[in-house]
Amino acid sequence: MAFTTEDMILIEQRAANEKKSAGAAYLLWFFLGWISAHRFYLGKPVTAILQIISYFFLIGFVWWLLDLILIPAIIDQKMEDARADAAQAMRRRRSAY
């Protein structure tokens, strides 16, 4: 079952509404990175807690620096997940009729 143009617009709007700000994520990374605030903001609480724990072993600081590169990929993945969720909700709604 193919989506109409209107369906695709609704899916993109829903994904855009759920998109996190890269600027906010980088600010959180810079100022509150020691408590992994950027990962909590991006919806990654489990890895945020693991990162906080890993600071005790000094690996967390390497992970913190890698997050500088990973933030855009995390945001893109969240957008793809939002699109997939919206598309699945549309399919369910159509099959209910």
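What follows is calculated from the coordinates using simple rules that are stated; it is not laboratory data. Computed from a prediction, not measured in an experiment: that's the story for all the values here.
Here the Karplus relation 6.51 cos²θ - 1.76 cosθ + 1.60, evaluated at θ = phi - 60°, turns the backbone of region 2-16 into coupling constants of 8, 8, 7, 4, 5, 5, 5, 5, 5, 5, 5, 5, 5, 5, 5 Hz, with x for every Gly and Pro. Please work out which option in [x] 14, 36, 21, 13, 10, 5, 1; [y] 12, 22, 18, 13, 10, 9, 8, 5, 2, 1, 0; [z] 16, 38, 22, 16, 8, 1 gives P(r) over Cα pairs in 10 Å bins from 0, in percent calculated from these coordinates, and answer with its label. Label [z] holds the value from this structure.
The gain in end-to-end length when the F30 to R14 segment is fully stretched comes to 2.9 nm, 0.36 nm per residue minus the alpha carbon separation.
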